[in-house]
């Protein structure tokens, strides 16, 4: 039973990946417009939200807060990251798709959330998210919201960084 | 050389003298007594915390304590009542009664039994001592959701985690003992379907404990790792999920609440049968109902999490499975009433508490059914409606079961009858104050007061004042119970072995003297 | 006689408990609110249906029980029967209970599907739960603000009488248009909070790192008050939700005003501020956002919340002071205010805390201007 309690963690991960529950979409999608095949297309609204967790001081925003897209086509959205502090920091963006059951239809072929981002003091970069909405998206879902939460993981990955401990 | 065969007449063996009797005892009755006194002391400590809560909530505004301390009170009140009162009391009753009810001289593993008890004062010593540490004790609710209990917790959380681990070990060891005893030491002729219902209730409860206490151990260990070793089980930054905490915790938490009520079901069956002078109606249905409740309890946990953002299919599944549990529970209530129907009923104190149990636990069951309805739960979740529900099933539910058992079996344990007039007085004062305290909580929750609030908006003021008055009355009344228990131990009319009229046929415990011999059954009885 | 009194006494106490709900049947201060939306009304009706079914079952079951207790008293000569089983009765009441539950499950499922609608929202609002306030952002208009409890500490401490909306009032309510499908996207900034408006029957947990959705459509204007419903720390009871629903034109004007204010803030950043102006603004910012932890007298609650009055940083180290406000303090409850507040606000509160109490007399007297904050944000050396 103890083992079962521990196994709940990877089991939970696998279960969420398979079902797309809780808006978790992990890993890049190898899909392309061709591979999906153009079946029936429809339009929907995709919104982007950015949020900094707690004490994360970077400037983090999307260039556009929403796009009207057509299922099956690939799109790109640009996000700006600016480390306004005087030290190198590492950030991790965690995505969340709403509604949760729409997550499995939101295929990201490229995303800054796949890796951690290291920004030097004062550095500013622009990074894209490229995605395709699966045409099989249920029609009850009228819009998809992609929320990105930016976490400061400098301490977790660079424990010897003195400047991290203010 | 001659060999002298000494025959030890164990009937004349007595317990050791003084403090070492209690520290080193392996006797199930002594250990049962230790658990029961421990639980009684914890009742007053946890109850004292409830009095602090209700004193602060007597009026809107912050008059007596600040929110920092209030949160510690709500958290520790819950932890102490769940882990330090209800569970140890039922274990104490199991220790006292199971060997006698199955015709055995003691539990199967007497030294393990001693360890199981003594782990508890250690665990609670650690937990309560955190209240006196500079950062204060646990302040994140007895359900200790992450990340409030991980990243944002005071550093005393590590003591809390250790304390929970120790309590868990105590429960697991105790359950192993109980299962082993029940399977191996029943008197010849006592098949499983001839066992007393209290024994059945504990067999099932022990399996539930073994199944879920390790899950609790798992979740607090994951917390420990997140807090101290940089893991991210419950931290989205590292790819984890705070909701994972809730799933794992409630996977333990839901069976836990059935652990806290099943033994009471067993006790109440015995008492109603005795005082209706009629065998319990539907014995096998009662057994199957308890087993069904236990099995179903594993598939309902997310009804504690309906607002967490689960998909529709998930919410509906848990709504249906939770509603299903009402069926075996309802069957039990019907069977108790069918036992009373066309019986020959008298109203001694244990019977009064048991009747109140059936009525008020059912009310708690109704509010539970309402809570199971997901869209309605959006309005009930985390309000005083939930607080009313669980206090109804735990106080006039589990606690009344424990008190009823105490009155029912005290004459057997001590050899003295308790004072019936005082017992009835205790009952009526408790019954009235329990309802004055917890019934208005339904209204205050429906009207919109959330739980774990040290202060509230003005429209909730009148009901809160009433609730606080009821709570103070309830707390004071339990001092009367303490007086009655001590009085019974020290004096009172001599009790017969049978104690209650007609009980001799109802269970093996009534064939022993009152008080029973030190080793209960030294000769195995035969059961027909 | 004594026994009759006993049983009837039980009935007397039980009856009001059973029947008192009748007194509070429909709309009442002691029942769930009916609310103002279609969903909230459906939920209220479902709640009442389930409630009445429970009452009926309770009345039937308890009547049989109390009647048995009265009729079969030994004191009146009742002799116990000896049956202890009836197979078909057991089957019967098990099936009956199952049917009643299935009967309850049908409307429950229907209302659930109605509430769980995933359609597109006409306007989308990102709601973030912070310790201990809400942040509302209108995604289409890219404008947002914090919503703090506005009940004064004196009322809470009992030094002045409590107002009508004690603990249910905020400085900046969420404003939404009527007759519009409003979609809420809810997340948490630190710990789990929960956003609840009873009149909309909307309650969703605000979980850090995850977005939950909810929606509502309010037909008539009004003010609706709710609460945080997940324990989130010491001020869990002090972060209410207030929503103002207004006609579409008023909403558009509100948004336009907020957009203009945001623009004004940007302009304010470049103007020249006097020490008095900065301190005045800083003092009000401090009382809303800092006093909860650092206390109005600047003494804090050490060791968790350091004292600012007499602190070395506030007296002598303005660069460190700016850094702490902008980036927070790792591993502590001090958040990074730089990403949530304007340069004007940050500069004001830093100036205020450097001058207030006896800090102004004892310290280096450095004031910090909004331009200093802009410069800090743009520096690339260090």
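Things to note:
- Distance from the Cα centroid of the range B:76-131 to that of the range B:497-511 is 26 Å (rounded to whole angstrom).
- Protection proxy ranking of C:297-305, A:53-61 - average other beta-carbon atoms within 10 Å, highest first: A:53-61, C:297-305
- Shielding by partners, peptide C:108-116 (average Cβ within 10 angstrom, other chains): 6
- Using alpha-carbon coordinates, inclination of helix B:28-56 to the longest axis of chain B, degrees: 30
- Degrees, to the nearest 10: B:242-259 long Cα axis against longest axis of chain B: 30
- Compared with the alpha-carbon gap, the fully stretched path from residue B:228 to residue B:135 is longer by 31.8 nm at 0.36 nm per residue.
- In plain terms, the chain from residue C:265 to residue C:152 could stretch by 38.0 nm, reckoned as 0.36 nm per residue minus the Cα-Cα distance.
- Label point distance in nm, residue C:277-residue C:28, each placed 7 Å from Cα along Cα→Cβ: 5.8
- Put in line by how crowded their Cβ is, counting other Cβ atoms within 10 Å and starting with the fewest, B:122, B:185 read B:122, B:185.
- Calculated mean residue ellipticity, 222 nm, chain B: -21500 deg cm²/dmol, from DSSP H runs (n ≥ 4) at -39500 (n - 2.57) each, averaged per residue and rounded to 500.
- Modelled label positions at residue A:13 and residue B:19, each set 7 Å beyond Cα in the direction of Cβ, lie 5.2 nm from each other.
- Averaged over the residues of peptide B:324-330, the number of Cβ atoms from other protein chains lying within 10 Å of each residue's Cβ is 4.
- Label-to-label distance for residue B:158 and residue A:118 is 3.1 nm, based on points extended 7 Å past Cα in the beta-carbon direction.
- Other protein chain C-beta atoms within 10 Å of residue C-beta, averaged over A:117-123: 2.
- A simple packing score, the average count of other Cβ atoms within 10 Å per residue, orders the peptides B:442-450, C:203-211 as C:203-211, B:442-450, with the highest score first.
- With the highest mean first, a sort of the peptides C:108-121, A:110-123 on other beta-carbon atoms found within 10 angstrom per residue produces C:108-121, A:110-123.
- Sites residue C:79 and residue C:56 - FRET efficiency at Förster radius 25 Å, r taken between beta-carbons, to 0.05: 0.15
- The angle between the Cα long axis of helix C:87-115 and the longest principal axis of the Cα atoms of chain C comes to about 30 degrees, rounded to the nearest 10.
- FRET efficiency estimate (nearest 0.05) - Cβ-Cβ, residue B:298 to residue B:505, R0 45 angstrom: 0.75
- Chain lengthening between residue C:120 and residue C:99 when straightened (0.36 nm per residue, less Cα-Cα): 3.8 nm
- Rh by Kirkwood over Cα pairs, then Stokes-Einstein D for the range B:220-297 at 1.306 mPa s and 10 °C, µm²/s: 102
- If you plug the beta carbon distance of residue C:307 and residue B:55 into 1/(1 + (r/R0)^6) with R0 = 41 Å, you get a FRET efficiency near 0.85.
- Our note on the geometry: Cα centres of the range C:280-346 and the range A:43-90, 29 Å apart.
- For chain C, calculated [θ]222 nm from helices alone, where every DSSP H run of n ≥ 4 adds -39500 (n - 2.57): -14500 deg cm²/dmol
Read-outs: derived from the displayed coordinates by stated rules, not from any lab. None of the values given here were measured: they were computed from a predicted structure. Methodologically, a virtual Cβ is constructed for each residue, glycine included, from the backbone with ideal geometry; neighbour enumeration extends over all protein chains shown.
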